[in-house]
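Enquirer: The structure that follows is given in the form of structure tokens.
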Amino acid sequence: MKIESLSALEILDSRGRPTLRAYCQLVGGRRHAASVPSGASTGAAEAMELRDKDPERYGGRGCRKAAANVSGPVHDALAGREFGSQADFDGALIDLDGTEKKSHLGANAILAVSLAFARAAAAEREQELFRYFGSLLEQDSFYLPRLTINLFSGGLHAGRQVAVQDVLLVPLSAKTIDESLVHTSRVYHAAAALVEKRYGMRLLTADEGGLAPPFASTDEMFATTVEAIEDSGLEPGRDMAIAADVASSHFFSHGYYEVDGGRLSASEMRKCLQRWSDQYPLVSIEDGLAEDDWENWPALCRDLGSDRLIVGDDLLCTKVDRISRAVNSKACNALLLKVNQVGTLTEAAKAFQCARAAGWQVTVSVRSGDTGDDWAADLAVGWSGNQFKPGSVTQSERLEKYNRLLEIEHDHGFLLRGWME
Ligand code: PGA
Ligand code: ZN
């Protein structure tokens, strides 16, 4: 695969903030594009997005420098070169950048190009994108991932009215993606009706399309979720369970967790998570403890991990060294995989393999600032992730991913994974 040209431009994400779209054209092929997402609730160990820091444009968040890096130095170094694989191509990008956190060219620039190359390579092989992604892991049989879908948000995704960032629905009894979405939509509308009645407010949505009423506490957020499931006619815990992205790094300060007006030590925070798990049908807890609270994660995983997912997001940042540390210390049992935390497809594939080799589950995730590009759905299927977390069932940047899953299910009839399967 010989590169004809690489270029990029600044575009806007679902929050109206700049992000990047890159283009890759192989010699003899068409030009292919890919757009990258951007987080708000970011982990400290994530690869670095390059931002312009020009206060006159988008509060300094512009991506013109990152775009110029692709169209300039990256194009100049790689155009005319032949690459046998995604790993070769990504390796060249990593070498060209030369920094630990991809701060020279920008992780946003590097990932956009890595994905655009994947699209061009898939087209050259006349493969659907999920099959090309599968080939990176030498995988050629596929499952559809079980969905986790945002219902309510607090934390950094909704102005911090409560500590916990996201409460998600897990359609447990659904047999297909189609049925998962039908069940979720029923609960979403039941929840919207409850919120309107109880809080008498317009239906404000959070960054990932979840509802964000002024809950007085996280308990109220969980209890309202259970109520909405009941109102929809589904059975909590059997048809529809709950996942929580606690995102606790973002309310951890000076050794304490600041939850809904209280200050909790790590062991009190673990007890709080235990109580929520006893009281509500909670089957997955993401970032229940903070990203550098390594010493307390193993006890959390030991106490709650036997029959539910203990997921590391900020803790792991999709990085092999952090995943290995967590495997060795039994800190969690599932990886939240966000490709832009690490910066190339090849490195994300290694992170995926490292987690799977340890017998962990992998939840493929999008970011809170996303675009209409649907590559993440192909990635979740191509790598046969156990779960997929694309956001709520509103907003087109989320729905593009669900619609792509519906399309794959319709065209190929792959089976939907069972929960924790
Ligand atoms: P993000 O985080 O806002 O950084 O995308 C979402 C998450 O915590 O899973
Ligand atoms: Zn998270």
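The values are calculated or read from the model by the stated rules, or taken from the named source; none is laboratory data. For clarity, every value in this text was computed on a predicted model and none was experimentally measured. Heads up, the Cβs are rebuilt from the backbone with ideal geometry, glycines too, and the neighbour counts pull from every protein chain shown. With ligands, DNA and RNA removed, areas are computed over all heavy atoms of the protein, side chains included. Shrake-Rupley method; radii C 1.70, N 1.55, O 1.52, S 1.80 Å.
Enquirer: Taking only protein heavy atoms and a 1.4 Å probe, what accessible area per residue, in Å², does segment 41-145 have with all protein chains in place?
Expert: Numbers: 4680 Å² over 105 residues.
About 45 Å² of surface per residue is accessible.
Enquirer: What FRET efficiency do you get for Arg263 and Arg302 if R0 is 22 Å and r is their Cβ-Cβ distance, rounded to the nearest 0.05? Mind dumping the intermediate values first?
Expert: On the way: r = 24 Å, r/R0 = 1.11.
Taking R0 as 22 Å, the efficiency between Arg263 and Arg302 is 0.35.
Enquirer: Now for a separate question. Kirkwood Rh over Cα pairs of segment 346-386 into Stokes-Einstein at 37 °C, 0.692 mPa s: D in µm²/s?
Expert: Numbers: Rh = 11.1 Å.
Answer, rounded: 296 µm²/s.
Enquirer: While we're here: By how many nm would the segment from His189 to Arg238 lengthen if fully extended, with 0.36 nm per residue of separation less the alpha-carbon distance? Let's see the in-between values first.
Expert: Working: separation 49, 0.36 × 49 = 17.64 nm, distance 1.92 nm.
Length gained, His189 through Arg238: 15.7 nm.
Enquirer: Keeping the other protein chains in place, figure out the carbon and sulfur percent of the accessible area of the chain, with a 1.4 Å probe.
Expert: Values: 7340 of 15640 Å².
Carbon and sulfur atoms account for 47 percent of the accessible area of the chain.
Enquirer: Probe 1.4 Å, all protein chains in place: accessible area of Trp360 in Å², nearest 10?
Expert: In the full protein context, Trp360 sits at about 20 Å².
Enquirer: Obtain the nm distance between the two label points defined at Asp231 and Ser324 by a simple spin-label model: each point lies 7 Å from its Cα along the Cα-to-C-beta direction.
Expert: Spacing of the two 7 Å Cα→Cβ label points: 5.0 nm.
Enquirer: Kindly state, to the nearest 0.05, the FRET efficiency for Glu220 paired with Gln127, given R0 = 45 Å and r defined as their beta-carbon distance. Mind showing how you got there, number by number?
Expert: Details: r = 48 Å, r/R0 = 1.06.
So the FRET efficiency works out to roughly 0.40.
Enquirer: Still on this model: Compute the relative contact order of segment 70-135 as a whole-number percentage, counting only Cα pairs closer than 8 Å that sit 6 or more residues apart in sequence.
Expert: Details: 30 pairs, mean separation 17.1, N = 66.
Once divided by the residue count of segment 70-135, the mean separation gives 26 percent.
Enquirer: Can you give the FRET efficiency to the nearest 0.05 for Tyr256 and Glu196, using r as the Cβ-Cβ distance and R₀ = 41 Å?
Expert: Values: r = 36 Å, r/R0 = 0.87.
Computed FRET efficiency for Tyr256 and Glu196 comes out at 0.70.
Enquirer: Let me ask something else about it. Can you give the translational diffusion coefficient of segment 212-259 in µm²/s, computed by Stokes-Einstein from the Kirkwood radius over Cα pairs at 4 °C and 1.567 mPa s?
Expert: Working: Rh = 12.6 Å.
Stokes-Einstein gives a translational diffusion coefficient of 103 µm²/s.
Enquirer: Something else about it: Given Cα positions, please report Rg to Rh for segment 279-372, the hydrodynamic radius being the Kirkwood one.
Expert: Details: Rg = 12.8 Å, Rh = 13.3 Å.
In segment 279-372, Rg relative to Rh is 0.96.
Enquirer: For the chain, with only Lys/Arg (+1) and Asp/Glu (-1) charged at the beta-carbon, what is the dipole magnitude about the Cα centre, in debye rounded to 20? Don't skip to the answer; put the middle values down first.
Expert: Values: 45 positive and 60 negative charges, 80 e Å.
Taking the Cα centre of the chain as origin, the dipole is about 380 debye.
Enquirer: With runs of 4+ DSSP H residues as the only contributors, calculate the mean residue ellipticity of the chain at 222 nm using -39,500 (n - 2.57) per run, divided by the residue total and rounded to the nearest 500.
Expert: Numbers: 14 runs with 158 residues, N = 421.
Taking each H run of at least 4 residues, the total per residue is -11500 deg cm²/dmol.
Enquirer: On to the next question. Could you grab the relative contact order for the chain? Cα pairs under 8 Å, six or more apart, rounded to a whole percent. If you can, show how the numbers build up before the last one.
Expert: On the way: 925 pairs, mean separation 81.6, N = 421.
Normalised by residue count, the contact order of the chain is 19 percent.
Enquirer: Moving on to the next point. Can you sort Leu264, Leu168 by solvent-accessible area, 1.4 Å probe, largest first? Mind dumping the intermediate values first?
Expert: Values: Leu264 35, Leu168 5 Å².
Solvent-accessible surface, decreasing: Leu264, Leu168.
Enquirer: Here's another thing I want to ask about it. Using the structure shown, list the pairs from Lys350/Lys389; Lys2/Lys401; Lys102/Lys271 with a Cα-Cα distance above 27 Å, or answer none.
Expert: Violating the 27 Å limit, Cα to Cα: Lys2/Lys401; Lys102/Lys271.
Enquirer: Any idea of Arg275's accessible area? Nearest 10 Å², probe 1.4 Å.
Expert: 90
Enquirer: For segment 1-144, what Kirkwood radius comes out of the mean inverse Cα-Cα distance, in Å? The partial results should precede the final answer.
Expert: Working: mean 1/r = 0.0638 Å⁻¹.
About 15.7 Å, per the Kirkwood formula over Cα pairs.
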